[in-house]
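Notes for the one structure printed next.
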Amino acid sequence: MKYFLFFFLFFFSFFLKIEAKDIKGNAEKGTELFKKNCTSCHSIDLEKKMIGPPLAGITEKRSREWLHKWIVDNKSLRQSGDKDAIAIYKEYGNVEMNLFPQLSEQEIDDILSFIKNPVIKKESPDDEKKEKNAKLELEENPFLIKIIVFGLSILSAILLWILYKIQILTKLLLNEDLLYKKRDKKDFWIYSVLFKFLGKKKKNFAFLSCFIGFLFLLGIYGIWIFLMKIDVNKGYKPEQPILFSHKIHSGINGIDCQYCHSSAKYSKVSGIPSANICMNCHITINEYKGDYIEKGKSREIYNQEIQKIYHSVGWNPEKREYSQNINPIQWIRIHNMPDFVHFDHSQHIITGEKMIKKSKKVDLTCNACHGDVQNMDQVEMSQDFTMEWCISCHRETEIDINNQYYQKYFSNFIQKKKGKKITIDMIGGTECAKCHY
């Protein structure tokens, strides 16, 4: 009898081990599935307690069959009277776990394989070197520009004065005696130097006059170009109070622009997302685990920036609760039209979306004005945003004749121009009152 019990217990424990190890899945696929379905409640490193329990070692504590039932429909498992399921439900404040009936058995096995053997990508020390720098940027020095313009202004004044003196000198060339009668003049030395340097040939003076005139006009042109660039801030990219990489969020993780800038599609302004939008994800993502690291940055820096978000909204990640200590983030605005300019985001995104993409050859309407934001670590102003730039766009971009807006308000004009190119300027897109009212 004793031997029977011994062999019974031995085989029973053996079959339990088989059951625990009977998880045949792909850990790499499981990593992606875990990120998409589980990270809103469970820590990706499997060790930390968040909304849900830490999952490290769960495949040893629970059988494969039980885990499948729990993941697919934990509510039914509790209703069946399963004590473990009920105990977990009560332990976590009666918060019901999401149901995942859409996951197949193989996908659940993949997730469990990841939990059992977490796939951790090792970063190569050369990853940073392999990152391609799309642009080589030159930092403008405003003070240096002012010095150059001031110098050009002084030079222009000197050249103008010299031209005036040359004009007087040419009148004296034919009469050397008259020149020497001006010895008592304080500027006699100028006449003498020029006269000795150029001689009596009138062609030399004409050539010098043309050369100085050219330099004068060049100086005036340089000053004019500078004046036209005042408040044209292309390349402006201020350092924000919290480091936010659009390349990581929008480019690598594929977050849609309108998830954060939700008002852009339906209102005049695109809006600055509140920190609550950040917390939709960062309530569970308290550490950066991605492979990409911006040049000159580190994981520690990224993690510090996440802590700044918690500080701004008063979130305590240890206690997992909000406090009343709120510190609004003082973002620095980059794109800001003057008060006398009316620009409607919704009109461009909804009505002009199709033709703007075609005209500017971009995948997203946003890129037409804001540049390749998906690959920007630090957002910058990528266009001039001058009136000339806007008018040029309106003269080049066609209207979508099948759009309901144009069909309703410009149907007669579309019929007259049937088969011909119709650009925005042809329907009043360059009228002053279109943007200034």
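The values are calculated or read from the model by the stated rules, or taken from the named source; none is laboratory data. A quick note: this is a predicted structure, and the numbers were derived from the prediction, not measured. A quick note on method: Cβ atoms are made from the backbone with ideal geometry, for glycine too, and the neighbour counts reach across all protein chains shown.
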Enumeration of residues in region 267-289 that are outside any loop (DSSP other than H, G, I, E, B) and either of a type outside the set (Gly, Ala, Ser) or closer than 16 Å to Cys366 by Cα (or both): Asn276, Ile277, Cys278, Met279, Asn280, Cys281, His282
Of all residues making up region 318-333, the number that are under 30 Å from Gln383 (Cβ atoms) and surrounded by 13 or more Cβ atoms within 10 Å (Cβ to Cβ): 2
Matching helices (runs of 4 or more DSSP H) fully within region 334-426 where at least 1 residues are among the β-branched types (Val, Ile, Thr) and either touching a Pro at 6+ places or on another chain (Cβ under 8 Å) or surrounded by 14 or more Cβ atoms within 10 Å (Cβ to Cβ) (or both): 353-360, 365-370, 387-396, 411-416
Flag if Ile255 is in a helix (DSSP H, G or I), in contact with a helix residue (DSSP H, G or I) (Cβ under 6 Å, 6 or more places away or on another chain) and either without any contact (Cβ under 8 Å) to a residue 24 or more places away in the chain or among the acidic types (Asp, Glu) (or both): no
Contacts under 6 angstrom Cβ, first residue in region 51-74 being assigned by TED's automatic domain parsing to the domain that holds Asn37, partner part of a helix (DSSP H, G or I) and basic (Lys, Arg), 6 or more apart: Thr59/Lys116
Residue check, Tyr266 modelled with pLDDT of 90 or more and among the aromatic types (Phe, Trp, Tyr): no
Matching residues, region 77-98, being surrounded by 13 or more Cβ atoms within 10 Å (Cβ to Cβ) and either under 15 Å from Cys38 (Cβ atoms) or under 45 Å from the mean Cα position of the chain (by Cα) (or both): Ala85, Ile88, Tyr89, Tyr92, Met97
Residue list for region 18-76, restricted to those being farther than 29 Å from His282 by Cβ, surrounded by fewer than 17 Cβ atoms within 10 Å (Cβ to Cβ) and of a type in the set (A, V, I, L, M): Ile18, Ala20
